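The values are calculated or read from the model by the stated rules, or taken from the named source; none is laboratory data. Here the structure is a predicted model, which means the values were calculated and not measured. Cβ: placed from backbone, ideal geometry, glycine included. Neighbour counts: every protein chain shown. All accessible areas refer to the heavy atoms of the entire protein, side chains included, with ligands and DNA or RNA removed. Shrake-Rupley method; radii C 1.70, N 1.55, O 1.52, S 1.80 Å.
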Amino acid sequence: MSFPEHYSRFLIAERPNDIITPETFCFETVPFSLQPGKGEVLVQTQYLSIDPAQRLLLNADRAYREPLELGTVMTAIGLGVVREVGESVSLVPGDIVSGNLGWTEYIVFEEKGLQKIDVPQGAQVLDFLGPLGHIGITAVIGLLDYGQLKLGETVLVSGAAGAVGTIVCQLAKARGAKVYAIAGSAEKCAYLEKEAGVHKALNYKAPNFKEEFSTIETFDIFFDNVGGEILNLALTKMNLHARIIICGAISGYNGQETPPLTTYRSLLPKRARIQAFSLMDEAARFSSALQVLIGEFQKGTLRQKYHILEGLPSAPKALDMLFTGESNGKLIVKL
Ligand SMILES: NC(=O)c1ccc[n+]([C@@H]2O[C@H](COP(=O)([O-])OP(=O)(O)OC[C@H]3O[C@@H](n4cnc5c(N)ncnc54)[C@H](OP(=O)(O)O)[C@@H]3O)[C@@H](O)[C@H]2O)c1
């Protein structure tokens with residue numbers, strides 16, 4: 001196998017105060033001198049997942065783990081192909097793997113930090129950054145384990161047209177729920193109603209959103225990806241014993257002031273529960289959640305729309321698109 005003389009990567013140059021800027025990352029091209037040692041493999045990155053948590057981890061304060069360090073390669077879950085292996089490794093060149101590869105064209109990685117991908121029938125490798133990867137696993141654990149969805153319940157989903165949101169909507173529908181969705185454009189709402197099978201989707205950017213929201217049914221589970229004002233509004237629509245599952249709070253990741261939880265008093269009369277969760281704590285559940293997802297995927301009930309940008313240099317722009325509403329489906333950078 002021959003390798004290029006140089007490869008490219010992005011380092012974190014400075015912490016953004018709000019949206020990321022051209023100064024946030026430093027793009028560099030360096031001589032290729034990567035060589036896997038004992039227990040290591042050399043991986044060539046093929047696809048990078050662009051996730052809201054990447055922006056959160058650029059902030060100086062601790063989120064669900066330590067902030068990213070300046071001067072290091074920008075973090076990202078990715079898919080790549082093994083190009084060379086060191087001693088005592090069971091992966092072989094040509095294997096497809098997933099792991100925290102980062103914004104780099106090549107990386108030497110410890111084998112134990114990588115997962116070998118065996119693509120099931122009917123799927124494509126990219127689905128391991130979508131319904132069969134961390135996205136689908138988040139949806140299963142949030143909705144089924146923490147949400148304890150029961151047949152015939154009503155589910156409300158925010159950030160519903162995004163990667164996790166669309167999987168939650170379809171999974172809930174496949175389990176017999178009536179699903180209401182909130183998303184940021186008429187086009188995304190039409191997709192949710194026509195393709196993802198939700199009962200009704202509401203555009204939170206429309207002038208009559210609050211009026212429309214007041215007319216929907218009360219929910220048993222609110223799967224929240226957004227937080228802030230949408231969370232406050234949702235708490236006005238709970239059924240008895242409602243479960244509010246905090247998956248994310250993207251409305252505050254760019255350093256915005258988070259509005260106070262003004263509607264929390266409704267929790268008491270509804271004996272409701274608010275529960276946040278993080279995949280970081282759930283490694284023991286990954287393989288059983290994956291089996292659920294493969295089952296649903298092969299029945300045709302789970303589909304993911306991909307929004308793919310070409311080339312490593314497009315990664316900063318892609319990250320920003322998660323916050324402007326320009327991303328439309330699971331956002332990916334293809335190298
Ligand atoms: N708990 C966990 O372990 C875990 C794991 C994975 C992801 N997450 C969380 O799950 C959420 C969704 O992640 P994802 O990867 O599926 O991203 P995504 O939904 O594909 O993309 C983010 C979407 O959020 C919406 N958005 C952005 N800013 C907003 C705002 N101020 N108010 C309302 N909506 C806004 C945008 O859609 P619109 O056009 O609809 O505005 C955007 O497309 C994130 O909060 C993420 O942090 C949590």
Loop-resident sites, segment 1-78, for trypsin sites (Lys or Arg not before Pro), counting at most 12 other Cβ within 10 Å (DSSP)
Lys38, Arg62, Arg65
Across bins of 20 angstrom width beginning at 0, how are the C-alpha pair distances of the chain distributed, in whole percent?
30, 56, 13, 0
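Tally the DSSP beta bridges in the chain and give the antiparallel ones as a percent, rounded to 5. Don't skip to the answer; put the middle values down first.
Working: 30 of 55 bridges.
Counting DSSP beta bridges with both partners in the chain, the antiparallel share is about 55 percent.
Can you tell me the FRET efficiency between Leu240 and Ser2 if r is taken as the Cβ-Cβ distance and R0 is 51 Å, rounded to the nearest 0.05? If you can, show how the numbers build up before the last one.
Values: r = 66 Å, r/R0 = 1.29.
Rounded to the nearest 0.05, the efficiency is 0.20.
Just list whichever of Lys200/Lys334; Lys178/Lys317; Lys178/Lys334; Lys173/Lys317; Lys173/Lys237 have alpha carbons separated by over 27 Å in the model shown. Walk me through the numbers on the way to the answer.
Working: Lys200/Lys334 33 Å; Lys178/Lys317 36 Å; Lys178/Lys334 35 Å; Lys173/Lys317 33 Å; Lys173/Lys237 19 Å.
The pairs that break the limit, which is 27 Å between Cα atoms, are Lys200/Lys334; Lys178/Lys317; Lys178/Lys334; Lys173/Lys317.
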Under 5 Å between amide H atoms, partner at least 5 residues away or on a different chain: which partners does Leu309 have, H built in plane at 1.01 Å?
Ile332, Val333, Lys334
With everything on Cα atoms, drop me the angle between helix 163-174 and the longest principal axis of the chain, reported from 0 to 90° to the nearest 10.
50
Cα-based helix-to-principal-axis angle, 315-324 vs the chain, degrees rounded to 10
0
Label-point separation (nm) for Lys305 and Asn232, each offset 7 Å from Cα along Cα-to-Cβ?
3.0
Determine the equivalent ellipsoid of segment 134-281 by diagonalising the alpha-carbon gyration tensor, then write out the semi-axes as square roots of 5 times the eigenvalues, largest first, rounded to whole Å.
19, 18, 17
Segment 127-262: relative contact order in percent, alpha carbon pairs under 8 Å with at least 6 residues between
22
For segment 65-82, what does the Karplus curve 6.51 cos²θ - 1.76 cosθ + 1.60, with θ = phi - 60°, yield as ³J(HN,Hα) per residue in whole Hz, taken in order and with x for Gly and Pro?
8, 4, x, 5, 8, 4, x, 9, 5, 4, 6, 5, 6, x, 10, x, 10, 6
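Going down the table (Lys150/Lys299; Lys38/Lys330; Lys205/Lys330), which pairs top 29 Å between alpha carbons? Please report the intermediate quantities before stating the final value.
Numbers: Lys150/Lys299 20 Å; Lys38/Lys330 35 Å; Lys205/Lys330 21 Å.
From Lys150/Lys299; Lys38/Lys330; Lys205/Lys330, over 29 Å: Lys38/Lys330.
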Proximal aspartates and glutamates relative to Lys188, as straight alpha-carbon distance under 12 Å, when same-chain residues fewer than 8 apart are discounted
Glu326
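Give me the net charge of Gln124's neighbourhood, meaning all other residues with Cβ under 14 Å from the Cβ of Gln124; Lys, Arg count +1, Asp, Glu -1.
Numbers: positive: Arg303, Lys305, Lys330, Lys334; negative: Asp118, Asp127.
Net charge around Gln124: +2.
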On a straight-distance basis, which aspartates and glutamates could pair with Lys116 in a cross-link, Cα separation under 13 angstrom, same-chain partners fewer than 8 positions away excluded?
Asp95
Can you pull out the GluC sites (Glu not before Pro) in segment 1-86 whose DSSP state is coil and whose Cβ has at most 15 other Cβ atoms within 10 Å?
Glu5, Glu14, Glu23, Glu69
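Rounded if a/c is under 1.5, else prolate if a/b is larger than b/c, else oblate: which is segment 217-258, with a ≥ b ≥ c the root eigenvalues of its Cα gyration tensor?
Prolate shape, in that a/c is at least 1.5 and a/b is the bigger ratio.
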Could you state the accessible area per residue of the chain in Å², with a 1.4 Å probe and every protein chain left in place?
45
